[in-house]
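A short write-up of the structure that comes next.
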Amino acid sequence: MDVRTALKLGMAQLRAAHVSPPTLAAELLLLHATGRSRTSLYSHPEDQLSESEAQNYFSLIERRAAGVPTQHLTGKQEFWGLEFEVTPEVLIPRPETEHLIEVALDRLALRNLRAEKSQIMSGEGLLIADIGTGSGCIAIALAKELPAANIYAVDISPAALMVAQRNANRLGFANRITFLESNLFERLSLVGAEHAAPQLGNHRSSAAHESPLFDLIVSNPPYIGRREATTIAREVRDHEPAIALFGGEEGYEFYADLITQSASHLKPGGILVLELGHDSLPAVQPLFDSPVWTNVGVTNDLAAIPRVIAAERSEKS
Ligand SMILES: C[S@@+](CC[C@H](N)C(=O)[O-])C[C@H]1O[C@@H](n2cnc3c(N)ncnc32)[C@H](O)[C@@H]1O
């Protein structure tokens, strides 16, 4: 069978199973099954597949048609121009999460501007925390953009942390990201003592807890409501980890603890940037109505959904 016919048959099978978009999925699975490049698929559609390539490809098409996400079949997903390993233990990085990176970088640039510092940001002296790191995509994207920053990436799931650590190793950022198993900030409070990282000495809080204080805290928290579980796409509900998806019965419950704890782990003037679920804003925005927070801003995604909320920890309170 030639490449063109394989693609056509695969697309038809996926379309019949209501997989959307069928073309991209068939293409990615054919690339994965044959090890060919995208250019070669389209420049040599007459190339013959070997029997084992065809067998491998159509078995992937069958599993995709049965609801397995393409990324679990290929084992990868691109985010912020980098290729991430994904497994069923981590959330598949979503394109809308790139807005969170953009907002975080914009806020840091603004802070530099106000402090009349250079706009070329290396991240020198910055201490960053990524809460609920999953595949590590946010921490690693920030490490790429801020080559001198120190980053802590935590997750409650040890299985997710192993994937994140592998991604950091493979992409060459392992020396600047410390991965920690922690329920929110719990273990970060021990970081100073346990890791005795010399650079943390400059960031240690004078408060009762031992946690360093951060310049930037970012998180894409679990934000789907358990009561919505039956309405979300089957391939998400059945294949992605529940701990990464559900933020409580309503979905927004997780934000309250995250925001309260972030306030006590940020430096004065430090920045908090959170991803929002499609309907989280009305419940989350009021959590910032406190003298602790200032410069609260919301950014929409490309579908005009409020997707990111950012705020600064007030200098005074
Ligand atoms: C929505 S996923 C985000 C993953 C990744 N940051 C991304 O943007 O693709 C939420 C992550 O939070 C983690 N998580 C859930 N509850 C947590 C908690 N109490 N403390 C720390 N991490 C938690 C989950 O294991 C999951 O990896």
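Which one of these is in contact (Cβ under 8 Å) with a residue 24 or more places away in the chain and either more than 15 Å from GLU240 (Cβ to Cβ) or of a type outside the set (Gly, Ala, Ser) (or both): ALA54, ALA12?
Checking each option against the conditions leaves just ALA54.
This table checks each residue for (1) among the polar types (S, T, N, Q); (2) modelled with pLDDT of 95 or more.
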{"position": "MET11", "(1), (2)": "no, yes"}
{"position": "SER20", "(1), (2)": "yes, no"}
{"position": "LEU29", "(1), (2)": "no, yes"}
{"position": "ALA33", "(1), (2)": "no, yes"}
{"position": "TYR42", "(1), (2)": "no, no"}
{"position": "ALA54", "(1), (2)": "no, yes"}
{"position": "PHE84", "(1), (2)": "no, yes"}
{"position": "LEU108", "(1), (2)": "no, yes"}
{"position": "ALA115", "(1), (2)": "no, no"}
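Given the condition touching a residue at least 60 places away in the same chain (Cβ under 8 Å), basic (Lys, Arg) and more than 16 Å from the ligand (Cβ to nearest atom), answer yes or no: does some residue in the range 304-316 qualify?
Checked against the condition, which is being touching a residue at least 60 places away in the same chain (Cβ under 8 Å), basic (Lys, Arg) and more than 16 Å from the ligand (Cβ to nearest atom), the range 304-316 yields no hits at all.
Would you kindly identify the strands (runs of 3 or more DSSP E) lying entirely within the range 216-317 that contain at least 2 residues that are surrounded by fewer than 20 Cβ atoms within 10 Å (Cβ to Cβ) and on the phi < 0 side of the Ramachandran plot?
266-275, 293-300
Could you tell me whether any residue of the range 145-152 is of a type in the set (Asp, Glu) and in contact (Cβ under 8 Å) with a residue 40 or more places away in the chain?
yes
Being closer than 30 Å to LEU142 by Cβ and of a type outside the set (Asp, Glu) narrows it down to one residue among HIS18, HIS44, HIS32; which is it?
On inspection, the qualifying residue turns out to be HIS32.
List the pairs whose first member sits in the range 285-301 and is modelled with pLDDT of 95 or more, whose second member is acidic (Asp, Glu) and part of a strand (DSSP E or B), and whose Cβ atoms are under 8 Å apart, counting only residues at least 6 apart or on separate chains?
From residues that are modelled with pLDDT of 95 or more, the pairs are TRP293/GLU312; THR294/GLU312; ASN295/GLU312.
I'd like the residue in the range 228-251 that is in contact (Cβ under 8 Å) with a residue 24 or more places away in the chain and away from the ligand (no atom under 13 Å from the Cβ) and, out of all such residues, is nearest to the chain's Cα centre (by Cα).
HIS239
The values are calculated or read from the model by the stated rules, or taken from the named source; none is laboratory data. This structure is a prediction, so every number in the text was calculated from the model and none was measured. Methodologically, a virtual Cβ is constructed for each residue, glycine included, from the backbone with ideal geometry; neighbour enumeration extends over all protein chains shown.
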